[in-house]
Amino acid sequence: MFDRRLIKNAAKEILRKYYWLLFIVCLVLFLVEGNDFGIKINFKDNIFNIMHNNSWRNSVDVQLGLLSYKLSISYILNFLGYLLVSVLAILSVFFVTFVGNPLIVGCRNYIANTCDDKQNINDILIPFRDYYWNAVGTMFLRNLFIFLWSLLLIIPGIIKAYSYQFVPYLLEDEPNLVYGDILRKSAEMTRGLKMDLFILDLSFLGWQLLNIPTFGLAKYFISPYVQTSKALVYQEIRREVNHG
């Protein structure tokens, strides 16, 4: 259990000292998590558009004869479209798995270390140096399990996401744990706290509404507050576990 009001007040104190440093780190998080800057590709919409966009089929009405088969240029363009989306999908998965996920771990632990006045910009690269494959494997499994649970219904996926919320921090605090152990430990630490974590997220709703008049720009400035609060929650729960 944690006191949401105390957590948020502590986050505000940290932001008074380190806001702009955390702002930059959170921008990196936005980039690698695919929330902005075009890194995240909406494959579902892309494939849908390729399959159903009549402009592909109607733009060219030229027939080619090839080995007694008539191939429409529109079908060739469709094939190239599918191929392009497939290549982009593969590249995106590789980027997220081998670069993005370790960088997410590094950024979140930089924020956690900032809460203790121990931040160093090199903290962001520690996962690449000290526990790279553990970070790659654990974060991949984390995302995979959340995705698979989301296939059932959106609610199980959300619950699983809260269960694994502490995984990036545990990777640095206990890098010798194997993939499954880190996932299980995060699930144990968040047992009975998922509703509290959800309410913490809801408590930022007033700030998030600023995205409407600012055309989405407010989220960049709110993110340090949100991420610092989440890091403080992890530290609080970990202290309780260690002293329990």
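Since every read-out is calculated from the coordinates, none of them should be taken as a lab result. Since we're looking at a predicted model, the values are computed, not measured. As a convention, Cβ positions derive from the backbone with ideal geometry for all residues, glycine included, and neighbour counts pool all protein chains shown.
Here the label points at Asp201 and Leu152, each 7 Å from Cα along the C-beta direction, are separated by 1.7 nm in the simple model. Distance between the pseudo-spin-label points of Leu91 and Arg4 (7 Å out from Cα toward the beta carbon): 4.2 nm. With R₀ fixed at 41 Å, the C-beta to C-beta distance from Ile159 to Asn78 puts the FRET efficiency at about 0.55. Charge tally around Leu177: other residues with Cβ under 15 Å, Lys/Arg +1 each, Asp/Glu -1 each, net -2. The value of relative contact order for the range 93-244, using C-alpha pairs under 8 Å at least six residues apart, is 24 percent. On the basis of the beta-carbon distance and an R0 of 30 Å, Phe23 and Glu240 show a calculated FRET efficiency of 0.50.
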